[in-house]
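Novice: Before we start, here is the structure in question, set down as structure tokens.
Just so you know, all these numbers are worked out from the coordinates, no wet-lab data involved. Keep in mind that what you see is a predicted model, and the values were worked out from it rather than measured. Neighbour counts are summed over all protein chains in view; Cβ atoms, including those assigned to glycine, are modelled from backbone coordinates with ideal geometry.
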Amino acid sequence: MLRTLAYKSRMGFGKHFGVTVWEMINVLKDVDYLHWSYYNMSNISFHEDILTEIGIVNRIEKPGKRPEYHLRERMYIPGLSIAEASRLKSIGRSAKKRKELQSNYKNSASKEKLCYNNRNKL
């Protein structure tokens with residue numbers, strides 16, 4: 001039995017059981033779960049305005065499912081220019097160095113502490 005969900009329809013399944021579609025889009029902002037539901041559940045569909053709002057590009061015939069469409073739409077990563085990529089790489093390097101310095105600072109003992117430890121080793 002095909003179920004077409006509107007904005008006021010409650011999700012009767014999954015991790016957002018009892019939440020309306022409108023709440024999923026505007027409050028929880030979990031559009032990815034709606035994508036997954038559309039492509040992986042054969043008996044769940046949405047109204048046309050909801051499909052355009054959540055960005056479903058490849059419409060499928062229901063009842064039916066196509067999990068590969070969900071992965072294809074969600075795995076799109078825009079390409080970076082060379083300047084942007086090098087900037088992000090340098091930020092990562094400096095953050096790594098900063099973390100190393102912080103960890104060494106916390107783990108290193110002061111001269112006073114080392115002297116105190118050595119005095120009591122007789």
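Novice: Around residue 20, which amide H atoms from residues at least 5 apart in sequence, or from another chain, sit under 5 Å from its own amide H, with H modelled in the peptide plane?
Specialist: Close amide H contacts, sequence-distant or interchain: 11.
Novice: ³J(HN,Hα) across region 41-53 via Karplus (A = 6.51, B = -1.76, C = 1.60, θ = phi - 60°), whole Hz, x for Gly/Pro?
Specialist: 3J(HN,Hα) across region 41-53, in whole Hz: 10, 6, 9, 10, 9, 10, 5, 4, 5, 5, 4, 6, 5.
Novice: Give me the one-decimal nm value for the distance between modelled label points at residue 117 and residue 32, 7 Å along each residue's Cα-to-Cβ direction.
Specialist: The two pseudo-label positions are separated by 4.3 nm.
Novice: I'd like to compare 21-28, 36-43: which one has the highest average count of other Cβ atoms within 10 Å, and what's the full order after that? Please report the intermediate quantities before stating the final value.
Specialist: Details: 21-28: 15.0, 36-43: 17.1.
Sorting 21-28, 36-43 by mean packing, highest first, produces 36-43, 21-28.
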